[in-house]
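Single-structure report; data block below.
Any read-out appearing in this document is the output of simple, stated calculations on the displayed coordinates, not a laboratory observation. Everything numeric here is computed off the predicted structure, so don't read it as measured data. Quick reminder, even Gly has a Cβ in these numbers, built from the backbone with ideal geometry, and neighbours come from all protein chains shown.
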Amino acid sequence: MVGKYFKLQERQSSVRIELVAGFTTFLTMAYIIFVNPAILSEAGMDKQALIAVTCIVTAIATIVVGIFAKAPIAMAPGMGLNAFFAYSLVLGNKINWETALGVVFLSGLFFLLLTLLGLRKKLVEAIPPSLISAISVGIGLFITFVGLVKLGVVVDNEVTLVSAGKLTPTVLIGLCGLIVMIFLETKKITGSLLIGIIFSTVLAAIFGYIEKPAELISLNFNAEALLSDFDILEAFNIKAVAFRLDIWGALKWSLFGGIFSLMFMDMFDSIGTLVACCHQAKMVDENNQIKGLDRLLGIDAVATMIGALLGTSTTTSYIESAAGIEQGGRSGLTSVVTGVLFLLVALLFVPIVGIVPEYATAPALIMVGLFMMKEVRRIDFGNIQEAFPAFIIMVMIALSYSISTGLAFGFISFVIIKIVSGRIREIRGAMWIIAVLSLFFLMIEQLPAVVEYLRGLFDFEIKKVPIIQQICFWS
């Protein structure tokens, strides 16, 4: 029945493959259980409540993707988006976190409206095939770089920005896991990335680089509150942040820049991730268009609104989904497994997940980067009009440490090259919109200041008009 619903046979998969894929995706993105609360707590939010909320929102969004969109895509509070929430919205604009959650909710609402109008789908479908391949390659380079940093092979350097790290014991343990993954891949053994992660974790435990947790199971659930008062928020220990958002407080001119900033950031992150992962999972039709894109985009927007209600920053599609896809995940069952695991962690197993070090999961990211590089063969480097925007996307995603920034630079360069080469008619209408949005995105940091300037200019002009004329005008 499960196989029939998710069309496993049609997608050349099986329940076992999907289970392994879901577990792999979970392990590669389990770091958010600790990182997301650590960042958002800087805004004054309760850290323990945030751990549960992070798991619950991730579980709900990812399971919904699996059941209704039938795609192997995981969704969770986005990295970078949470930093913007804590450091720019709350600490930078000096607003409380309740109002900032209102900003997140409104950005999700506007995002949903764009999706229902079909604009987001048109934007994705307007991207030329060469740029789609470049997005996959760029994200592959980006993931590889993240993996090398987490492993410790690449470290920061004040003079050269980055340099090779020392071969410490933890680096060697991670490299052993990488060798295991490569060996198993050459033998075409399913679950190679997951086995490599477990191998590195066990190796780290043997040599004493993992501290034994105080307890293996930690019940983060108050059954009494649920049974006696039917208080779900108290039962999951999320009352400190859930349903505390201030939407009315977010409806201020000064915060509209923040609303659109979050919307643009999520838009480009989602587009990049969905394009790369869905093509990797063979979720495309005969016209090379992503199947079920409307549902995925709609769920993305609704998940952001639900996340804001429960008390976390913008929810988005996760590129770590590529790890599960590479392990054979082709259906929504992969996402359901990942979501269920996050839900179990929210209730019971935070200590167990906590012992898996990032240098054990880092090799999986490196391997995924390798697999995504194969899309480079689809780019015609003999055609400069096609090659240059693709090159910019690949380089800027990796070097700017941001999918959104890389896409913005690439899309703008594509339009500029077509204009200067006299091929303006080859630019689709939706591509013009993408270029304008890209320009807005690159100006995001200045957007709040521009809004305030225009507001001040408008107020100044109104004050210059005699009061009698103002009354007549407004009436």
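Quick look at the values:
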quantity: Simple label model, 7 Å out from Cα along Cβ direction - N288 to S421, nm; calculated: 1.5
quantity: Difference of contour (0.36 nm per residue) and Cα-Cα distance, K252 to I355; calculated: 32.7 nm
quantity: Spin-label pair V159/N93, simplified geometry with 7 Å Cα→Cβ offset, distance in nm; calculated: 4.3
quantity: Label point distance in nm, F388-A83, each placed 7 Å from Cα along Cα→Cβ; calculated: 3.0
quantity: Charge dipole magnitude, Cβ of K and R +1, D and E -1 - the chain, Cα centre, debye nearest 20; calculated: 1140
quantity: Packing-based exposure ordering (other Cβ within 10 Å, fewest first) of D380, D246; calculated: D380, D246
quantity: Exceeding the 19 Å Cα-Cα cut-off - candidates K7/K70; K7/K282; K122/K252; K188/K374; K4/K188; K188/K291; calculated: K122/K252; K4/K188; K188/K291
quantity: Residue (of G307, S136, G249) at the positive-pole extreme of the stretch 2-467, dipole from beta-carbon charges; calculated: S136
quantity: Computed lengthening from K4 to A38, 0.36 nm per intervening residue step minus Cα-Cα distance; calculated: 8.1 nm
quantity: For the stretch 2-467: relative contact order, % (alpha-carbon pairs under 8 angstrom, 6 or more apart); calculated: 33
quantity: Modelled FRET efficiency - R0 56 Å, Q12 with F440, Cβ distances, 0.05 increments; calculated: 0.85
quantity: Length released on extending from A430 to I232, taking residue separation times 0.36 nm less the Cα-Cα span; calculated: 66.9 nm
quantity: Relative contact order, percent, the stretch 308-441 [alpha-carbon distance under 8 Å, six or more residues apart]; calculated: 15
quantity: Efficiency of FRET from Cβ geometry, R378 and L113, R₀ 25 Å, rounded to 0.05; calculated: 0.15
